[in-house]
Every structure is written in structure tokens, then in C-alpha cells.
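Right, one structure below, let's go through it.
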Amino acid sequence: MSDTELRTEQPEDAAAERLTSAPVESDGPTGIGVLGWLRWMWRQLTSMRVALILLFMLSLAAIPGSLIPQTSENAFKVQTWKATHKGLAPLYDKLQLFNVYSSVWFSAIYILLFISLAGCIIPRTWQFVGVLRAKPPAAPANLTRMPVYAAWRTDADPEAAVAAAQRLLRKRRFRAHVSGGAVAAEKGYLREVGNLLFHLSLFALLAGFAWAALASGQGGKLVVEGDGFSNTMTQLDDFSGTAFYTSQDLDPFGFKLDGFTDTYQLTGPQIGQPREFTAHIHYWQGEDPTKLKAGDISVNNPLEIGGSKVFLIGHGYAPVVTVKDGSGKVVYHDAVPFLPQDSNLTSTGVVKVGDYGQKDGKKVELGFSGFFLPTPPANFDATTGPRSLFPGATEPALVLTAYSGDLGTESGVPQNVYQLDMSHLTQMVQDGQPAKVKLAVGQGWTLPDGYGSISFDGYKKWATFSVSHRPGNSVALTGAVLAIVGLVGSLFVQRRRIWVRAVATPDGRTLVELAGLGRSESAKIAEELAELAVDLQDDAPALEDDAPADDESEPADAVSAPVDETKE
């Protein structure tokens, strides 16, 4: 074979051996000047390597959002964290770590990954469409170069052998056609379909997250047993919207908290571990609050109303207290939510009596700070402080400290409803000691200096709910599922090609050659070629003595009864 013939056959063999529709990547900038560099950078950005790097960077960038409290999720928790870590708070603010998912650096990675996937999908899709429309490549000139090869001699007509091979391959769902007296067949296109499905699904996943970021909103509300709630800005404790979901887009609904069930492990090593948290409600949807439906909201089982979901995210106790002035007049009566501080629901809170009235001709306001203990110990000292022993309310106690003066509620400065502003308050003194008391249910406390009394009448339970509107979740979930399906297809489906050639030999017989090429090292192509060779024996049976008598150009082992050879 001449050098000219070699140069002619090499491109043909290379085309036959290429089994992917992925665009060929360039190792360096092409072109001259700025345009060439821009073209090279675009190819790098849309390459699979860069896409995987960006995806890894995105997963790393999301870690701070799960470790550091986020303003969009819980602004109060962010304020508490800043107060505790005053040295780190300014740095974290500059790095936008309290708003990770809307930060400049997270958005940059997200947008680059979005562009990378889009730039990878579009040319790859067109390339694959071209491959689907094209016929399998013709057989290479030298089939013995293929990884899997078999050959034998037969007395069958070459055209009949080729037609039989084409029929058998199509029966096995190969795309097959005859070109140049040989059958070219191909199978395993689902592998590339899996690749494209994975890319498209990942693109849909990112699109779903982007949609959720632009058109979602979330609000929070604490509701005490017996109270109701309407999904309006005036009743939400907090609300965070987005560009396409504002306070004007809130779904019209509401509910009343009828009761709350919480059960805990009573014995054994896991004593105190939660077993059930369920909020029992009656809710309505739309503008008519009289059309009520019963429902339950439990952990991981939200209530879906319209386009929003109501999640149960917390619970606690609200002691019911009554405050009377010096004349015995009731000046305050309400259930006051206390916030849990540990797993046993040791809770802290305050009672603000802003309408106490006057004492000694001066306007006076009372404040009480304290602890609610669902199951208190018999005694507690100043070292440990008030602590509950069990989260269930077995023998609840209320520990209070009394203050008088100005609560500062009319100063115009926003206040935390769970804390007292001590700027203008004075702690009451009783018998020369700070005025403190521990009350059981039904007990009262006569305040010093004729300020009246306070009684612990009982308690109610409260629950906190998150009202979430996230329209992109279904898209993201569908994308995640399809991405897994596509990945499985791209990993387990093998694209392979088979060629069958039948040519007449000088001795008047027919030489049948089979060759196979797989995308990856696998025994599957060898098994398929062997099965095809066996089935083809019905139409082109091998001669019992097929060794060539006069033609020494063909090695004897290449034309013996059906043989499979796999190159290392």
C-alpha cells in the first residue's frame, strides 16, 4: 500500500472511530488578536471541564449559607449572631455572608454556570441532531484494525450474505445500511441522549432555582392557641419578598390554631426526645373566612393553600398572667409567648404592662422578665439558674423579676418584644433583696411598695409557622430527577458500531468479515459480534475446511471458523 493510499484511508478510519457528538475542544486561542482570544475564552467557558469546576465552586459557595444565619430566612437570628460576634460581624457584612444567595460573588458563579451550560448544550444538540440524520459511517478499508474482529469463508453469494447481515442487525435494533458492498450499523444513541438530558436537566435545575430566587417570598408568624392569622402584611411577624413577589402578591387565606399536640419519650435513654409535633387548625382560602376546613400541620408535612405552603417550624409555651394595680383593678391579662432556650424548653420572656396607670401621681409602667419551666427542679441555685428538666409541661413554674418605670415603648425606637429596655426601669426590692418569685399554676405574688399583684393563671401553647411561596421548586425537583436519569443513561448505555463485509475471493468463494467498535472497553460488543456471527451461519455457513489453498495473502487464522479477537 502506497503512502498516498495511507493518507487517503486515515481520515476515513478516524471518522469511523469517533463515537461522540461532543464538540472538539481547542487547546489554545485560535485566530489573531482580541477576537481570537475571545473565541478561545468562550470555548473554555462552554467546555465540560469548566462547567464541572463552576458546579463545584457553586456547591462550595453554598456552604456559608447553611452555616451562617441568613437575613432572608431569620433576620432576628442574624441580629442575635451579630451581637454575639461583634468582631466578625463587620467582615461578614462586607463579604455578604448574611445574604449568601443574593451576593455578588454567588450570583457571578451562578450566572457563569448558566452561560456555560447553555453554550455547551446548544452546539452539542445540533451536533447530535446531525449525527441522528446521518447514516453510520462506511466500513474502514481494513477491518482487522478494529478491536473486535471475526471472519470466515462461505459458498454463499456476497450480496445474500450482506443482505442477511443487514436484516439481522436491524432485528437487533441497529441502524444499518449498505455502503460500498458492506453493512454499516450503529446502536447506543441513548448514551448521547443521556448526556444531553443530564445537561438540559441541570440547566432546568438552575433555572428553577433562579425562578425561585426572583419570584418567591416567605413570611413568619407566631400563633398562640385559640388565636387566628390572616396572610396579610399587617399580621405577619416578618416578610421577605423578591422582585416578582411582593406584599401585594400574598395568597388570600388564614387559619385559627385550635390546639397543639407535642409528645416526648417518657422513659429510657432517649427520655425527652420529641415524638410528635402537630398543629391542629381550621383554615379558609379566599376572601370568605366562614368557609372553614379542618387541617393538621406537622413537621415535614406542610399545608398547601393556593400557591403557598405553611410549614410548622417551632413551638413553645405562653404563660397566662394577670396583673392588678394597687386598687385591685385588672390592668393586664394575656398569654405571653416565651422563647425556648434549650431542648427541655427552658423559656425566657417578658411581660410589659404599659397601661398600668399612675402611682403617687406619676405615670408608671411595669415590666417583668423571667423564665417558664415546663418541668422545674425542686431547687435551683444561682450557678445553674432556672432550668427545666423535661420539655413536657408536668408541673410548670414561672420565675419572675419585677421592674417599674418607663418601658420606652412610646419613644419611637423599635423594641424587641421578648426583651426589656432597662434604660429607664428600676428593679423592685422586697425585704432588702431584688424582687423575685417562683410561681406555680394558680399562685399569685403581691408586689412590693403597693404596686398590686401578678398571678400565674396557667399556660397555652404556641407554634411558629413559615408561609412560603416558591414557584420554582417543582421545576428544580423535576430537573434533579431527570439529571439522575440522564446520568445513568450516559454511564450504562454503550454506543457501538458493527461492520459486515462480504467479498468474493479468487477461488470463487466468499470471505465474510465482521468487525466491531465500542465507545469504551467492554465485552458487550464482542458478545454481540459473536451472536451475530452465529446467527449469520444460517445464511452464510462457514466451510468445514476454509483454509486457503492457493491464496497465501490471507493468514489462516483470519479465515477459520468464527473467531472473536479483542485487542488489548
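The values are calculated or read from the model by the stated rules, or taken from the named source; none is laboratory data. Computed from a predicted structure; not experimentally measured. All Cβ positions, glycine included, derive from the backbone under ideal geometry; neighbour counts span all protein chains shown. These accessible areas exclude ligands, DNA and RNA; they are computed on the full protein's heavy atoms, side chains included. Shrake-Rupley method; radii C 1.70, N 1.55, O 1.52, S 1.80 Å.
Some points to look at:
- Projected over every direction and averaged, the convex hull enclosing the alpha-carbon atoms of the chain yields 43.0 nm².
- Judged by the ratio a/c of the largest to the smallest principal axis of the C-alpha gyration tensor, the range 423-528 counts as prolate, that ratio being 1.5 or greater while a/b is larger than b/c.
- Between the residues Trp445, Val148, Gly385, the greatest Cα displacement towards the positive end of the dipole of the chain, with unit charges on the Cβ of Lys, Arg, Asp and Glu, is found for Trp445.
- Measuring r between the beta carbons of Thr234 and Lys135 and using R0 = 60 Å, the FRET efficiency lands at 0.30.
- Span-like helix criteria (full DSSP H runs; alpha carbon extent of at least 27 Å along the helix axis; mean Kyte-Doolittle hydropathy of at least 0.0) are satisfied in the chain by 104-133, 190-215, 473-492.
- Share of carbon and sulfur in the accessible heavy-atom surface of the chain [1.4 Å probe, %]: 57
- Note on the range 125-215: Rg/Rh from Cα positions, Kirkwood definition for Rh, rounded to two decimals, is 1.23.
- Extension gain for His85 to Gln419 (0.36 nm times residue separation, less C-alpha to C-alpha distance): 118.3 nm.
- Amide N proximity, the range 234-254 versus Thr290 label position 7 Å along Cα-to-Cβ, cut-off under 20 Å: 252-254
- Test item: Cα-centred dipole of the chain, Lys/Arg +1 and Asp/Glu -1 on Cβ, debye: 2220
- For the pair the range 343-383 and the range 275-302, the centres of their Cα atoms are 32 angstrom apart.
- Convex hull volume of the range 399-459 per residue (C-alpha atoms, cubic angstrom): 108
- Separation of the Lys94 and Gln430 label points, Cα + 7 Å toward Cβ, nm: 5.1
- With all pairs of different C-alpha atoms in the average, the Kirkwood value for the hydrodynamic radius of the range 43-176 is 20.8 Å.
- At 0.692 mPa s and 37 °C, Stokes D of the range 161-266 from Kirkwood alpha-carbon radius, µm² per second: 162
- P(r) tail for the range 369-485: Cα pairs beyond 22 Å make up 57% of the total.
- Here the calculated FRET efficiency for His333 and Ile63, from their Cβ-Cβ distance with R0 = 56 Å, stands at 0.70, rounded to the nearest 0.05.
- Based on alpha-carbon atoms, the Kirkwood radius and the radius of gyration of the range 289-350 give Rg/Rh equal to 1.16.
- Relative contact order of the range 347-387, defined on C-alpha pairs under 8 angstrom at six or more residues apart (%): 36
- Distance between the range 86-143 and the range 459-525 - C-alpha centres, whole angstrom: 20
- Calculated [θ] (222 nm, deg cm²/dmol) that DSSP helices of n ≥ 4 give over the chain, each run adding -39,500 (n - 2.57): -9500 deg cm²/dmol
- Along the range 496-507 the Karplus relation, 6.51 cos²θ - 1.76 cosθ + 1.60 evaluated at θ = phi - 60°, assigns HN-Hα couplings of 8, 10, 9, 10, 10, 10, 10, 10, 6, 9, x, 8 Hz to successive residues, with x for each Gly and Pro.
- Remark: the chain carries 53 Å² of accessible area per residue (probe radius 1.4 Å; ligands, DNA and RNA excluded).
- Relative contact order (%) - the chain, alpha-carbon pairs under 8 angstrom, separation at least six: 20
- Packing, as the average of other Cβ atoms within 10 Å across residues, places the peptides 36-47, 136-147, 359-370 in the order 136-147, 359-370, 36-47, highest first.
- Taken along its principal axes, the alpha carbon cloud of the range 255-394 reaches lengths of 56, 49, 21 Å, longest axis first.
- Across the range 274-404, the mean sequence separation of Cα contacts (distance under 8 Å, 6 or more residues apart), normalised by length, yields a relative contact order of 15 percent.
- Against the rule of thumb 2.2 N^0.38 Å, how large the Cα Rg of the range 340-423 comes out: 1.30
- Cα-projected label distance for Thr505 with Gln273, points at 7 Å along beta-carbon direction, nm: 7.6
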